[in-house]
Each structure stands twice: as C-alpha cells, then as structure tokens.
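A quick write-up on the structure given underneath.
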Amino acid sequence: MQAVVIIPALNPGQKLVRLASEISSLFSPRIVIVDDGSAESSADVFASLKSMGCDVLKHPVNLGKGAALKTGMQHVLFTYPDADGVVTADADGQHSPQDIFRLAQRISENTGEIVLGTRNFSDDKVPFRSKWGNRITSFVFMLKTGVWLDDTQTGLRAVPLGHMPVVLAAKGSRFEYEMNVLLLASKMNVPLAMVPIDTIYEDNNAHSHFRGIQDSARIYFDILKFGFSSVVCTVLDFGLFLLLTGLVFGKGGTGIRISTVFARVVSGSGNFLINRYFVFKGRRSKAPVKYFILFVVQMFLSAQLTVLLAQSMLAVPIAKLATDLFLFFLSFFIQKKFIFRKDDNA
C-alpha cells in the first residue's frame with residue numbers, strides 16, 4: 001500500500017476540499033483529515049471531505065497541530081498497517097498536490113529517510129517574518145544538533161512506517177512538535193533528507209495559525225533559557241571586567257588578561273550552576289570536569305581575542321562585547337552537545 005496523506009485542519013475553507021480532490025485525482029492515496037476543534041462554520045467542509053472518501057477524525061476542542069498529527073499517525077498505524085508510511089501536509093494551500101505526490105513516491109523507494117519538503121527562502125515572495133523566522137530556526141537547530149537543514153518548519157514531510165514510533169515519541173502538542181521531531185530524529189540518528197518544493201505563500205501567509213511569540217518561544221525554549229543564563233552572567237562578568245580594568249589592573253594587555261580571569265572565575269561559577277540545574281538539567285558526574293575545561297579555554301580565548309581587537313583600534317568595551325557574543329554561540333553548542341547531554345545522569 002502506498003503512503004497515507006495526513007492533513008491537520010483548523011477552521012478550513014473550500015481550499016482544503018479542492019486540495020483533497022486534486023491529490024485524489026493525482027495518485028489516489030488514502031487521505032486522513034484531522035479536525036482539530038474547528039468551529040461549526042467548517043462543518044460543511046468536513047462533510048464534503050467525508051463524502052469524497054476521506055477519513056475525517058475530530059478533536060472536540062483545539063489541541064494543537066502536533067496533537068492532530070499524532071492522532072492521524074496513530075489512526076494510520078491501526079487502520080492501514082500495510083501503508084509505506086505517511087505524508088503530512090498543511091491545510092492552508094502552501095503545499096501543491098504535485099509536491100505531496102513526489103514525497104509519497106520517496107517513501108515507496110524505501111530509502112529509510114524522513115523526507116522534508118524544503119522551500120526556497122531566497123524567493124522574493126516569501127514574507128519577511130517567514131524568511132527570517134526559518135533562517136533563525138535553522139541556525140538554532142544547527143547549534144543544538146550540528147546538522148544544517150534549510151527548512152526546519154516545513155509541514156510537508158514524508159515519514160516511513162518504520163520511523164513513525166520515533167516521530168510519535170517526540171514531545172509537544174502544538175507547533176513546537178515539528179521541531180521536536182527533527183531534534184529527536186537527529187538524536188536517534190534517523191537520516192533526514194531534503195527535497196525542494198514550490199514556495200507558496202497566499203495572502204502573505206495570513207491564514208497561518210502559527211502564533212509568532214508563543215510558538216517561537218516553545219521552539220526556542222532551550223536557547224532562550226541558555227540566553228537568560230548567559231545574560232545574567234555576562235552582565236556580572238562585564239561589570240567586574242570594567243571595574244577591574246578601570247580601577248585596579250588598567251587597560252593594557254596584562255590588565256585585560258588579569259581582569260578577564262578574575263571576572264570569569266566569578267561569573268563562570270554562577271553560569272555552571274544555572275546551566276546544570278536550570279538550562280540543561282544535566283547530572284553527569286563528569287560534567288564539572290568538562291565544564292571546567294571549557295571554562296578555561298573560553299577564558300583564554302576571551303582574553304586573547306579582546307586584546308587583539310583592542311589593539312585593532314576598537315574600544316576595550318566593544319572588543320569585549322564582540323568577543324563574548326562569538327563565544328556565546330560556541331559555548332551553547334559545546335555545552336548542549338558534549339557537557340549537559342539529556343542522557344547524562346549522576
């Protein structure tokens with residue numbers, strides 16, 4: 001049996017009926033529609049989909065896109081256990097029937113990959129918030145996993161049946177779920193493939209249910225916590241550094257290096273405790289040793305780079321800020337990947 005198409009829907013219009021009709025005429029898959037607590041005004045749409053032969057599942061209240069996708073996949077596992085897998089698509093017209101068909105074909109090739117339909121964000125018709133939101137998310141994903149994906153927020157994905165338990169195990173019930181799937185797949189060494197698709201935005205993506213602030217906070221939660229930790233300790237570090245260079249050791253090369261060491265010892269101790277027990281919640285017995293090594297290397301780099309930038313005619317405070325911004329991203333990746341891994345236990 002070929003792939004089953006799953007489409008979560010919240011208050012859809014006739015556009016969804018047309019999409020289902022075009023998909024059916026193109027390659028006749030089973031189509032599962034998940035009504036995620038839609039208003040009564042969409043009842044006629046779901047009735048039309050049922051009359052077309054689609055499986056229509058219903059959440060009595062809105063539970064979120066992630067919950068709707070899980071409902072659809074669980075239905076496929078129990079109802080169509082001989083399917084090759086599933087293709088998930090959005091109900092807002094961003095995915096063409098031809099691209100959905102192409103991803104379904106990839107599943108039938110049995111490559112063992114989770115396939116992502118990847119949009120081209122250099123296209124002029126991509127809204128500003130979508131273009132930069134996706135670029136930032138791709139960068140955050142790379143920091144957390146070491147893997148670069150051009151489009152981490154795509155809703156068009158093909159998941160082979162064998163990988164569906166991994167996908168269902170990912171946490172989250174709303175938009176953060178799709179990012180969590182990629183994070184878990186990366187952690188489990190599930191191969192991720194990218195296939196270019198048409199970049200479609202209608203009415204500047206006005207019909208998207210993505211809530212910028214709330215849903216972005218869910219997606220970026222770890223790095224936001226890390227950022228909070230770093231801001232607190234950076235303020236302490238920067239304040240001590242300025243105080244020591246201004247009043248105690250001076251602003252020459254030696255004074256900068258000594259001030260950096262003193263300030264980093266104080267701020268670094270606080271940073272370790274916050275990151276261990278609040279950001280990454282690691283309990284590995286070797287974490288303090290690894291953190292100390294990172295701390296020493298970072299302290300050395302901070303001092304040397306600050307001196308080099310200051311000697312390049314930058315003011316000392318600006319040189320310090322530029323250096324520590326670079327080290328912030330480097331430190332996040334190293335701590336996430338090697339020091340406070342989620343499987344670390346005391």
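Some points to look at:
- Residue in segment 134-148 that is at pLDDT below 90, basic (Lys, Arg) and not in a loop (DSSP other than H, G, I, E, B) present: yes
- Subset of segment 286-314 that is closer than 13 Å to THR260 by Cβ and polar (S, T, N, Q) - its residue that is surrounded by the fewest Cβ atoms within 10 Å (Cβ to Cβ): GLN304
- Some residue of segment 167-188 being under 22 Å from PRO29 (Cα atoms), in contact (Cβ under 8 Å) with a residue 12 or more places away in the chain and of a type outside the set (Lys, Arg): yes
- Restricting attention to segment 231-255, the residues that are touching a residue at least 40 places away in the same chain (Cβ under 8 Å) and either in contact with a Ser or Thr (Cβ under 9 Å, 6 or more places away or on another chain) or over 17 Å from GLN311 (Cβ atoms) (or both) total 9.
- Residues in segment 27-60 that are open to solvent by 70 Å² or more (accessible area, probe 1.4 Å) and either assigned to a loop (DSSP other than H, G, I, E, B) or over 19 Å from ASP92 (Cα atoms) (or both): SER28, ARG30, SER51, MET52, PRO60.
- Top-ranked residue in segment 1-43 [being free of Cβ contacts under 8 Å to residues at least 60 places away in the same chain and of a type in the set (Val, Ile, Thr); ranked as nearest to LYS70 (Cα to Cα)]: VAL34
- Condition check for VAL76: touching a Gly at 6+ places or on another chain (Cβ under 8 Å), in contact (Cβ under 8 Å) with a residue 24 or more places away in the chain and not hydroxyl-bearing (Ser, Thr, Tyr): no
- Some residue of segment 91-110 being farther than 22 Å from ALA20 by Cβ, open to solvent by 10 Å² or more (accessible area, probe 1.4 Å), part of a loop (DSSP other than H, G, I, E, B) and modelled with pLDDT of 85 or more: yes
- Reported count of residues in segment 63-80, each being outside any helix (DSSP H, G or I) and open to solvent by 60 Å² or more (accessible area, probe 1.4 Å), is 1.
- Scope segment 158-186; condition surrounded by 17 or more Cβ atoms within 10 Å (Cβ to Cβ) and charged (D, E, K, R); matching residues: ARG174, GLU176, GLU178
- Residue check for GLY85: at positive phi, open to solvent by less than 60 Å² (accessible area, probe 1.4 Å) and either among the aliphatic types (A, V, I, L, M) or in contact with a helix residue (DSSP H, G or I) (Cβ under 9 Å, 6 or more places away or on another chain) (or both): yes
- Where ALA319 falls short, out of the listed (1) modelled with pLDDT of 85 or more; (2) open to solvent by 20 Å² or more (accessible area, probe 1.4 Å); (3) in a helix (DSSP H, G or I): (2)
- Checking ALA83 against (1) over 24 Å from GLN153 (Cβ atoms); (2) touching a strand residue (DSSP E or B) at 6+ places or on another chain (Cβ under 9 Å); (3) assigned to a helix (DSSP H, G or I); (4) hydrophobic (A, V, I, L, M, F, W, C), the condition it does not meet: (3)
The values are calculated or read from the model by the stated rules, or taken from the named source; none is laboratory data. These numbers come from a predicted model, not from an experiment. No Cβ is skipped: glycine too gets one built from the backbone with ideal geometry, and neighbour counts run over all protein chains shown. Surface accessibility is based on the protein's heavy atoms, side chains included, excluding ligands, DNA and RNA. Shrake-Rupley method; radii C 1.70, N 1.55, O 1.52, S 1.80 Å.
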